[in-house]
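See below for the structure under consideration.
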Amino acid sequence: MMIKPRARPRACRGAPMTKGVSPLTEPLELIAAMPKIDLHLHLDGCVRPETLIRLARERNRPLPEAEPELLLPYMQVDPGNKNLTEYLSKFDFVLPHLQDSEALELVAFECVKQTAASGGVYVEVRFAPMLHTREGLSAEDAVRAVISGLKRGESECGIPARAIVCCMRHFDDDLNLKTIEAASRFAGHGLGSVDLAGDESRWPTSAFRRVFEAAAALGLPATIHAGEADGPGSIREAVERLGAVRIGHGVRAQEDAGVIELLRERGIALEMCPTSNIQTRAVSGWDAYPLRRYAAEGLVVTANTDNPTVSGTTIADEYRLLHEKLGMTPREIAALVLNAADAAFLEPEAKSALISRVRAALADLGLDPGRPTA
């Protein structure tokens, strides 16, 4: 797959506002104009090369290249990427530059800005605060800085944004419990939920029961990365034992009819990330990608970016690819947007406002704001 550098967003721009029924008739025009929601976006996978150069220059840190187009290959996955482990190695290049509050605040703000520039009306940005404590920040400092950046994005771009705090699979319980404790201090103040991220192929989901029992005791909802590099048993564990109310990826649920039924019965939303899932070889290619079939089978499916810079994508690209690669109609994609609004980790009043905004925008485009499957 050829991976293109992403265009640099020049200003915040939400989904186009229309009055009455839209004259747009072509599928790609309708998809481009519809509101978009990104529920699964990693902060350290969304850093622009231009921003990394700025951060390095201000902090007198070396970089191998000084031009964005030359630096991008260090940050973006290769077309021949073999697996999740190789994909995750790209984050090692960026993390040393995200070790102070100002850097985290800036990158969080730009995550919101980039989403809005692609027609986004809501975004959830996830990150692991303990990865940003190498130079003196506390986990609480890191969460505060990211939420500050998201709030700045909300103010300037006019779209709500929430943080998701990640525990890491390669951390021990003590570090992950510190993460949960830090997250709990921001519940209801910019924090949406907690998560478990990292290399699923090397650290099983079952090892983190104690951590997510602690999260549940503090009233923190959980989304868990599962069914990406490990099989459907990882998804079952995340839902039944770790209390996940959403699943990050979930691609491999298709290998177990019982897990499919579990997800359908409980209404667990899947945060699928098509471009990333194919790059990490969670599936062999677009022909094997199960998103459209999942939706037809009654699962709550959403489409997201995962890592815009690492994967060379935007939320607008992901929606377009659903049509071009999977043959999904604008009505089918509109149903995914509504799924995402319903699944958002937002306070009740804010969620109601988001759903109303999405329904109104889809109605103005002539798209039935229900949940069609065809």
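The values are calculated or read from the model by the stated rules, or taken from the named source; none is laboratory data. Source: prediction; values computed, not measured. So basically every Cβ, Gly included, is an ideal-geometry build from the backbone, and we count neighbours across all protein chains shown.
Total residues in the range 189-217 satisfying the condition of being modelled with pLDDT under 95 and either polar (S, T, N, Q) or within 27 Å of P348 (Cβ to Cβ) (or both): the figure is 1. When the range 350-369 is filtered for residues that are closer than 14 Å to G119 by Cβ and either free of Cβ contacts under 8 Å to residues at least 60 places away in the same chain or in contact with a strand residue (DSSP E or B) (Cβ under 9 Å, 6 or more places away or on another chain) (or both), the ones remaining, listed by number, are R357, V358, A361. Among the residues of the range 66-119, write down those that are among the charged types (D, E, K, R), touching a helix residue (DSSP H, G or I) at 6+ places or on another chain (Cβ under 7 Å) and in a helix (DSSP H, G or I). Across the range 66-119, the qualifying residues are E105, E110, K113.
If you go through the range 245-297 and pick out every residue that is in contact with a helix residue (DSSP H, G or I) (Cβ under 7 Å, 6 or more places away or on another chain), over 16 Å from L322 (Cα atoms) and touching a residue at least 60 places away in the same chain (Cβ under 8 Å), you end up with 4.
Among the residues of the range 287-308, count how many are closer than 20 Å to A344 by Cα and either among the acidic types (D, E) or touching a His at 6+ places or on another chain (Cβ under 6 Å) (or both).
Residues of the range 287-308 that are closer than 20 Å to A344 by Cα, as a first pass: 291, 294-295, 298-308.
Still in the running and either among the acidic types (D, E) or touching a His at 6+ places or on another chain (Cβ under 6 Å) (or both): 304, 306-307.
Summing the residues that are closer than 20 Å to A344 by Cα and either among the acidic types (D, E) or touching a His at 6+ places or on another chain (Cβ under 6 Å) (or both) in the range 287-308 gives 3.
All but one of (1) out of contact with any helix residue (DSSP H, G or I) (no Cβ under 8 Å at 6 or more places or on another chain); (2) surrounded by fewer than 18 Cβ atoms within 10 Å (Cβ to Cβ); (3) farther than 19 Å from I164 by Cβ; (4) in contact (Cβ under 8 Å) with a residue 12 or more places away in the chain hold for R331; state the number of the condition that does not hold. Against the list (1) out of contact with any helix residue (DSSP H, G or I) (no Cβ under 8 Å at 6 or more places or on another chain); (2) surrounded by fewer than 18 Cβ atoms within 10 Å (Cβ to Cβ); (3) farther than 19 Å from I164 by Cβ; (4) in contact (Cβ under 8 Å) with a residue 12 or more places away in the chain, R331 comes up short only on (2).
Scan the range 132-170 residue by residue and report those that are surrounded by fewer than 21 Cβ atoms within 10 Å (Cβ to Cβ) and closer than 21 Å to D306 by Cβ. Within the range 132-170, M168, R169, H170 qualify.
When W286 is tested against (1) modelled with pLDDT of 95 or more; (2) touching a Gly at 6+ places or on another chain (Cβ under 9 Å), exactly one condition is not met: (2).
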